[in-house]
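What follows is one structure encoded as structure tokens, with my remarks underneath.
None of the figures in this text is laboratory data; all of them are computed from the coordinates on show. Remember, it's a predicted structure, so these values are computed and weren't measured experimentally. Positions of Cβ are generated from backbone atoms using ideal geometry, with glycine treated the same way; all protein chains shown enter the neighbour counts.
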Amino acid sequence: MKHIISKLTKLTAASIIVMALASCGGKEDRKASYLEKGKAYLEEKNYDKARIEFKNVLQIDPKFADAYFYMGRLEEKNKEYIKAVGNYKKAIELNPNHVSAKVKLAAIFIMAGAENYIGEAKELLNEIMAIEPEHSEALFLLNSIEYKEGDADKAVSQMEKIVAKDIHLIGGIALLSNIYASNDRKAEAIQLLKKAVVNNPEEIYLRVNLSEILLETKDLAGAEKYLREAISIDPEMYSLQFSLSKFYISTGQLDKAKEVLIKSIEQNPDDAKRYLVLVQLLASKFSVEKAETELQKMIANRPDISELKFALVHFYKKIAKREKAKIILAKIIDNNKYDVNGIKARNILAKILLDEGDLGGAKVQVNEVLAEHPNENDALIIFSKLALNDKDAITAINGLRTVVKNNPKNPEASLLLAQAYELNKEPGLAEAELKRSVEANPANDAVHINFARYLASKGRVDEAAVIVDRALTYFKDSFGLMEMKLKIIASQGNESEVISLLNKMEQTDESKADVNIFRGQYYLLKKDINKALEQFEKAYEKSSNKYEALELITKAHLLNKKPEDALERLKILYGEEAENAIAHHLSAKVYLSQKKLADARDQFKLASKASVQWTLPYLGLATTYIAENNLKQAENIYQDALNNVTDKTQMYMQLAALYERQKLYDKAISMYKQLLDIKPDDMIAKNNYASLLLDHGGDDGVAKALTLLDGFEKAQQPAFQDTLAWAYAKSDNYVKAVELLKPLVEKAPEVAVFRYHLGYALYHMGDKAAAKSHLTIADSSKQQFVGKEQVKALLESI
């Protein structure tokens, strides 16, 4: 028996050794198989499956550098750059000679653009040179840094040599062609790209790049040919179809553009953005009515695509039909309550109300969302905007920190957080937040724009220009970055560069009316009215919201001292559409400029009749009566407007001012009370109401004013601080009043009412010498303010 057991034991041990060896070989095979599958999925852009395969590799071998490298590639393709950096660093940690990981990491650092990252990129690239001195991609990246920071001509010469040796260096070819094109060497860019597409028959991006440059050189046939070649390589890639439709739009082939977009919808009828691009084309190139009808049909045919309903909301917002937008949002909220679409609808409604100045209404919507979902990012952003509006920096900072923690790549949250830090007098933290945003999301042009805008606002224009130029190397078609650069170079007076950039912006997106607006305004500054008018007319044709372009057309005619031409241009619109509110309103403004009050009045009436909810015509109409001192009729107009307009704020404000002008203080107070009933957080209304109570509300008015001014100590506006200080002075808290008023007078010593209030408080504290100094200055001022007669009485008693 022992003998049998001994044999079994020996057999088992041998089997275990064989099995272990077999298992070891199996693991390596499986690891290799998973890796190859992951790479294949990565090429197919099936990122979810690729991730699973790479994770399988790492379960077998957690220290396998290549798996981390390909995970980095995956994250980079998903634009998750922080995760990509982490994976590339891990690959390098496990294999310090992993050249591919070092190249990719250096490229991300260069794209991030910050000085410290450029330094790290140089280190990585020099390490590669020590391992592979002829590594073409690393050499090219080093020279791209040199191009920006050193000898540009020498760098370009080196790039040309590198590209000549490595015909498959796609990124290098693309960057070199862009450098050629931006330096008026388009023929060389075209030659380089034509050769490159032959050498890289499956490469899409180079063909798109070549098409864009050919379009700039007016080679329309060539531009179309290479775009169509790109589409033939990947017929399902929507961005290529979008580019082809843009090409047809830019060349005036609108029916072909429409055909391409309709075909793209047929390819993927569940993709909402395809419908929306078609609607945008219809609105800008055909008619707003046609676009609206088409979008309504789309919703009827595909009620399951909720994005289409939201698109109709945004469409109505864009063409200033906010009430229609609100009706749709209300229906979505009723049908969806607090699911994803219900929350989204509440947030959009809150944004509309916030834009309209209905802070109370916006707060209601946001609070309802946050009660159900306390960490909902969009709601927290609106909540923080409301806090910023109230000058409550701490509340805004707390809300925005949560958003940034939830989504570190959110550019709007980062920008608002920087603004909150600025409000809280922490500029260092503001700048650090914007830098962090760039590092967290370097592939989003918005973060570079935000940082550049911040630097420019601080007078650091040269630094802002560096940020924009560096970002444009990687976001060559970013309209926002080009717009930012336009503002910088315009402020520096570089006219030739302004024109060149405007041309580039128009080539990038010919459909945008903004380019023509910018160009027209440039010509206005140059006093070239005819060219300005030509641009504004182009903007009018492109834009779905016609007001800005038509207003600029009118302005240009008036600057040219030809009001009759402005009126003739506007009358054309009456023929097309008798009830054209914009045309009537602008005609009224022309007549006002000529002091033809009766004609202006007629046009304002027609405008308000054509668009009963539009505020501006009522304001203009009332102005014509005020100019004739017919205050009763102006009052009637404001009252009529209160029954019609959506945002009643201005009407209540105007009525209150009208009553104050007539010394009807009780009526003025009543207007502010009614305004605060519908907008309880309106700080201007609170301030003005409190001021009236303090000066004309008797003994009870002071106590009421103090309750209205709760929280005003945090406000930054001097007028708000003054009202609060005056309330303290009137309630016999002179120490607090002086504490608030002294800094105000130091910052604005010329404001007589501040001097009066400070002198009043000092007088009642017993410091009559100091009081006399301030009261004397207030008395000698030519400014009119409530209490001027009391200044003399106080001076006489000292």
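Spatial offset of segment 687-737 relative to segment 321-373 amounts to 34 Å, using the alpha carbon center of each.
Spatially, segment 178-233 and segment 56-103 are offset by 33 Å when compared through their Cα centroids. Most tightly packed first, judged by the mean number of other beta-carbon atoms within 10 Å of their residues, the peptides 552-561, 521-530 read 552-561, 521-530. The ranking of Val156, Val277, Val364 from fewest to most other beta carbons within 10 Å of each one's beta carbon is Val364, Val156, Val277. For segment 36-87, trypsin sites (Lys or Arg not before Pro) meeting the loop criterion (DSSP other than H, G, I, E, B) and having at most 15 other Cβ atoms within 10 Å: Lys45, Lys63, Lys79. Pairs exceeding a 25 Å alpha-carbon distance, out of Lys89/Lys165; Lys186/Lys526; Lys218/Lys571; Lys102/Lys487; Lys391/Lys742; Lys104/Lys225: Lys89/Lys165; Lys186/Lys526; Lys218/Lys571; Lys102/Lys487; Lys104/Lys225. When only the Cβ of Lys, Arg, Asp and Glu is charged (+1, +1, -1, -1), the dipole of the chain relative to its Cα centre reaches about 700 debye. Cβ under 9 Å from Ile582's Cβ, Ile582 left aside: what net charge do those residues give with Lys, Arg +1 and Asp, Glu -1? Cβ neighbours under 9 Å give a net charge of 0. At full extension, Tyr47 and Glu259 could sit 73.2 nm farther apart than now, given 0.36 nm per residue minus the alpha carbon distance. Distance between the 7 Å Cα→Cβ label points at Lys165 and Glu551: 5.8 nm.
Calculated FRET efficiency, Gln267 and Glu796, Cβ-Cβ r, R0 51 Å, to nearest 0.05? Efficiency, from the Cβ-Cβ distance: 0.05. For segment 35-124, a crude dipole built from +1 on the beta carbon of Lys and Arg and -1 on the beta carbon of Asp and Glu, taken about the Cα centre, is about 120 debye to the nearest 20. What does the net charge come to around Arg30 if you take all other residues with beta carbon closer than 12 Å to its beta carbon, with K and R at +1 and D and E at -1? Spelling it out: positives minus negatives among the neighbours equals -2.
Counting beta carbons within 10 Å around each of His764, His757 and listing the fewest first gives the order His764, His757.
Within the straight-line cut-off of under 17 Å between alpha carbons, the lysines reachable from Lys788 are Lys663, Lys730, Lys772, sequence neighbours fewer than 8 places apart in one chain being disregarded.
Packing order of peptides 400-412, 254-266, highest average first: 400-412, 254-266 (average count of other Cβ atoms within 10 Å over each peptide's residues). If you take all other residues with their beta carbon under 13 Å from the beta carbon of His373, and give Lys and Arg +1 and Asp and Glu -1, the sum is -2.
Taking a cut-off of 20 Å between Cα atoms, list the aspartates and glutamates near Lys527, but don't count ones fewer than 8 places away on the same chain. Partners within reach: Glu495, Glu497, Asp514, Glu537, Glu548, Glu551, Glu564, Asp565.
Calculated [222 nm] ellipticity per residue, helices only, for the chain: -25500 deg cm²/dmol; basis is -39500 (n - 2.57) per DSSP H run with n ≥ 4, divided by all residues, nearest 500. Bridgeable lysines around Lys595 (alpha carbons under 17 Å apart, same-chain partners fewer than 8 residues away excluded): Lys555, Lys561, Lys562, Lys605.
When Ser587, Ser500 are arranged by Cβ crowding within 10 Å, least crowded first, meaning fewest neighbours, the order is Ser500, Ser587. Taking the dipole about the Cα centre of segment 426-494, with the C-beta of Lys and Arg at +1 and of Asp and Glu at -1, give me whichever of Ile449, Tyr474, Asn494 is farthest to the positive side. Going by the Cα projections, it comes out as Asn494.
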